[in-house]
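The values are calculated or read from the model by the stated rules, or taken from the named source; none is laboratory data. Please read these numbers as outputs of a predicted model, since none were measured by experiment. Cβ atoms come from the backbone with ideal geometry, glycine included; neighbour counts cover every protein chain shown. Ligands, DNA and RNA are excluded from the accessible area calculation, which covers all protein heavy atoms including side chains. Shrake-Rupley method; radii C 1.70, N 1.55, O 1.52, S 1.80 Å.
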Amino acid sequence: MFHEICIYEAKVDKQEEIEQLMREVAAFYKEQDGVIDVVYVKRTHRQKDFNAVKNGEPPVELTRYVGKVTYRAPLITTN
């Protein structure tokens, strides 16, 4: 099994355009042989710092986007 994770950043005023493009790209990848799933996820939380992660503290919710929006996209395939 192969996993690929990509991180994308988009300008705040381009959110609708990038999300439409991501839907089209995900549909294309899902049609390919061996691809199990492709999901684009808008980042809505962040960790305070590495120690917070180690201590099991919950993530901090993002309340606004300054200049950019971040997405992550795992692509999961078979052999």
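Below, the figures for the structure above:
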| quantity | calculated |
| --- | --- |
| E4 vs. criteria at pLDDT 90 or above and of a type outside the set (A, V, I, L, M, F, W, C) | no |
| Residue that is most open to solvent (accessible area, probe 1.4 Å), among those in region 48-72 that are assigned to a loop (DSSP other than H, G, I, E, B) and within 22 Å of V12 (Cβ to Cβ) | R64 |
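Results for (1) in contact (Cβ under 8 Å) with a residue 60 or more places away in the chain; (2) surrounded by fewer than 10 Cβ atoms within 10 Å (Cβ to Cβ); (3) part of a helix (DSSP H, G or I), shown as yes or no for each residue.
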residue	(1), (2), (3)
H3	yes, yes, no
I7	yes, yes, no
F28	no, no, yes
P74	yes, no, no
